[in-house]
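The values are calculated or read from the model by the stated rules, or taken from the named source; none is laboratory data. What you see is a predicted model, and the numbers here were worked out from it, not measured in a lab. For neighbour counting, all protein chains shown are included, and Cβ atoms are generated from backbone atoms with ideal geometry for every residue, glycine included. Quick note on the areas: whole protein, heavy atoms, side chains included, nothing else; ligands and nucleic acids left out. Shrake-Rupley method; radii C 1.70, N 1.55, O 1.52, S 1.80 Å.
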Amino acid sequence: MSTVKEPLFGKSKDELTQLSTDLGLPAYTGGQLAYWLYKTDVDSFDLMTNISKKTRALISEHYVLGINPPVSVKESVDGTKKYLFNAGNGKFIEAAYIPDGKRHTLCVSSQVGCKMGCLFCMTGKQGFQGQLSPGEILNQLRSIPERALVTNIVYMGMGEPFDNLQSVMKSSAILTAEYGFAISVRKVTVSTIGIIPAMKVFLEESKCNLAVSLHTPFEDERRKLMPVQNVYPIKEVIDTITKYDIGKYRRVSIEYIMFKDVNDTRRHVNELARLLNKVNCRINLIRFHSIPGTPLESSSEETILDFQKALNAKGIVTTLRASRGQDIEAACGLLSTKELVKKKKDSNLITE
Amino acid sequence: MKTKLKLTKVKIIRQREIAPGVFVLSFIRPWDFTAGQVVGLAGNENDEARLYSIASGELDEEVDILYNINPEGKLTPWMAQLNTADTLWVSEPFGSFKGDGEPAWWIASGTGIAPFVSMFRTGLHKNKKIIHGGRDLHSFYFNEIIEPELKENYIRCCSRENSPEVFHGRITQYLKEQTSLPTNEKYYLCGSAEMVVDARDILIEKGIPFNNIISEIYF
């Protein structure tokens, strides 16, 4: 009988040390493994040259590396790349690599699909197929050719990060650890629609940046766009954030997609200013990238620029995010592996 | 990981298995709530609470929680073993998925019927249509109280089994076959992300303004 071997990639240095001593190996083997896993691009036990052959054989008897290259890549005319990963069991996820001058951002997924059902998001339309492990999240960085160029990581791909809190906390800890990828906490942002209990844990236990998808300051409008509003209202999300010391080291940004005649009026500017009065944050305005069957449209460029100006005039730093990778469906809200999910379902039906 | 919802201990007064793997757990109501709201439940004070809709009426003395066993979860297999006088940790009720007296469609899959059962038991069902989706004929929880009152306005969509009482197919198929859905009424959706998202797309395609669609997703 064959048993599935556990992957090493995605384990913390402490865990690697523990499993080494459990195998009767010296504790420092954990540190050696962490080095090969997180500091190099080695993708085979055979290449871990400072670990003896015998030790490597013993480890590989019990574990696999868990590093898997993307199965395909699409490149946009603007240089953005979208990578597709097979996370096993018919699970597919996407990550977007967005180079921009000196800043190279990687947008990673935290779940296969999403349960949140926001009206404007393509990922939501495929439903939810599963959680990603810390290793599957980190593999999106480890396995792409641009790995060494990446300066910023944003958890803004498929899924709601705070619906998979443990994997997100653990992967972001390895991203920012000295023994790990050693990326500054200021360069890592986790984006949420505001799942309050998990957000509190994050704000207490992580130093990474936070982004909140707000999209309208009015409760009744927001519940039509984002079902989560029924459970965790935006006002409570913002009140919660104000209780933490924000702004000195950690940045909070508010994500705001501009929908024509829905959330782009002066009334919205005024209410946003009132709602965000006590929060040290900035607003990122995002153009809406239309998805099939949506009743929503993007606001005009003129309206968006006016909206930005009005918010800036109220003292809220407001930027407009460039739309990147639209031609390869890598732009905000467009990541989806729905077709692959459907294919998998269809093939199951045939073989059933 | 520590919980961030404030929890208090309650004593279970009853647990019933109403269908294979599906339970109704009851405790004495410790607070007031509005039909449609949720509570956080946990086995220990420091556990991460999971959210469940209340299924009892606002004036009932007992709070009912409808749930099914998620074999991959920790909480529900444990909850299913609880007996009278065992204890459970519960948060205060919260959430704004609330019904009102206006005509509306209540659309649910599986245990997503719970908030509508709460609204029903609170007396808000008079001018409502309930569409409930389930796999098997025993999936229509609380049909014994809904059917006598709503009669033809209670549609059971059964995907795996058939009988004269049910529509054979999924909720989405039922909605697709409707030729004149009122566009000025409210549509409340509750259940899995997949059902809510698909049903919402169909309603929008059929001309229902998205402003009239209110969703609650179980996550």
| Residue-by-residue Karplus 3J(HN,Hα) for region A:53-64, coefficients 6.51, -1.76, 1.60, Hz, glycine and proline x | 4, 5, 5, 4, 5, 5, 4, 6, 5, 9, 9, 10
| request: Read phi for every residue in region A:170-177 and hand back ³J(HN,Hα) as whole Hz from Karplus 6.51 cos²θ - 1.76 cosθ + 1.60, θ = phi - 60°, with x for Gly and Pro. | output: 5, 5, 5, 5, 5, 4, 9, 6
| field | Distant alpha-carbon pairs in chain B (separation over 32 angstrom), percent | value | 17 percent
| note | Given all pairs of distinct Cα atoms, region A:224-269 yields a Kirkwood Rh in Å of 12.9 Å
| field | Heavy-atom accessible area per residue - the protein assembly as shown, 1.4 Å, Å² | value | 45 Å²
| query | Under a no-solvent Debye model with one identical scatterer per Cα of region B:7-91, what's log10 I(q)/I(0) at q = 0.10 Å⁻¹? | reply | -0.21
| note | Long-range amide H partners of residue A:130, meaning residues 5 or more apart or on another chain whose placed amide H is closer than 5 Å, are A:112
| query | What does the convex hull of the Cα atoms of region A:104-153 come to per residue, in Å³, rounded to a whole number? | reply | 91 Å³
| said: How are the alpha carbon pair distances in the protein assembly as shown distributed across 20 Å bins from zero to the largest one, expressed in percent? | reply: 19, 52, 27, 2
| query | How many percent of all Cα-Cα pairs in region A:72-342 sit more than 26 Å apart? | reply | 38 percent
| message | Give me Rg/Rg_expected for region A:6-64, where Rg uses Cα atoms only and Rg_expected = 2.2 N^0.38 Å with N residues. | response | 0.97
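How high is the relative contact order of region A:255-305? Use alpha-carbon pairs under 8 Å, at least six apart in sequence, and give a whole percent.
55 percent
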| If you count, for each residue, the other Cβ atoms within 10 Å and average over each peptide, how do A:135-142, B:6-13 line up from highest to lowest? | A:135-142, B:6-13
| Relative pair counts by distance (%), Cα atoms of region B:104-217, 10 Å bins | 14, 52, 32, 2
| remark: Mean other chain Cβ within 10 Å across A:288-298 is 2
| note | With a Förster distance of 41 angstrom and the Cβ-Cβ distance between residue B:83 and residue A:282, calculated FRET efficiency to the nearest 0.05 equals 0.15
| remark: region A:212-278 and region B:60-115 have their Cα centres apart by a whole-number Å value of 29 Å
| lysines whose Cα lies under 29 Å from that of residue A:102, excluding same-chain neighbours fewer than 8 positions away | A:39, A:74, A:81, A:82, A:170, A:187, A:207, A:248, A:309
| field | Computed over region B:53-143, Cα set: Rg, Dmax in Å | value | 14.5, 40
| task | Give me Rg over Rh for region A:16-104, both radii from the alpha carbons and Rh done the Kirkwood way, two decimal places. | result | 1.11
| note | Summing -39500 (n - 2.57) over every DSSP H run of at least 4 in chain B, dividing by its residue total and rounding to the nearest 500, the 222 nm mean residue ellipticity is -5000 deg cm²/dmol
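Would you mind putting A:325-331, A:110-116 in packing order, based on average other-beta-carbon counts within 10 Å, highest first?
A:110-116, A:325-331
Could you estimate the translational diffusion coefficient of region A:175-304 from the Stokes-Einstein equation, with Rh from the Kirkwood formula over C-alpha pairs, at 20 °C and 1.002 mPa s, in whole µm²/s?
Translational D for this selection: 136 µm²/s.
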| query | Could you give me the ³J(HN,Hα) list for region B:59-71, computed from phi with Karplus coefficients 6.51, -1.76, 1.60 and θ = phi - 60°, whole Hz, x at Gly and Pro? | reply | 9, 5, 6, 10, 9, 9, 10, 9, 8, 10, 6, 9, x
| query | In whole angstrom, how far apart do the alpha carbon centroids of region A:76-154 and region A:37-75 sit? | reply | 22 Å
| said: Quick check: residue separation of residue A:301 and residue A:274 times 0.36 nm, minus the Cα distance between them. What number comes out in nm? | reply: 7.3 nm
| note | Residues whose modelled amide H sits under 5 Å from the amide H of residue A:288, counting only those 5 or more places away in sequence or on another chain, are A:258, A:299
| Mind checking the log10 I(q)/I(0) for region A:134-234 at q = 0.18 Å⁻¹? Debye, one equal scatterer per Cα, no solvent, two decimals. | -0.84
| query | Across 5 Å bins from 0, what is the distribution of all Cα-Cα pair distances for region A:201-244, in whole percents? | reply | 5, 21, 29, 21, 15, 8, 1
| said: Sequence gap at least 6, Cα distance under 8 Å: using those rules, report the relative contact order of region B:104-217 to the nearest whole percent. | reply: 27 percent
| said: Can you list residues from other chains, or at least 5 along the same chain, whose modelled amide H is less than 5 Å from the amide H of residue A:192? | reply: A:211, A:212, A:213
| Points 7 angstrom from Cα along the Cβ direction at residue B:136 and residue B:160: gap in nanometres? | 0.6 nm
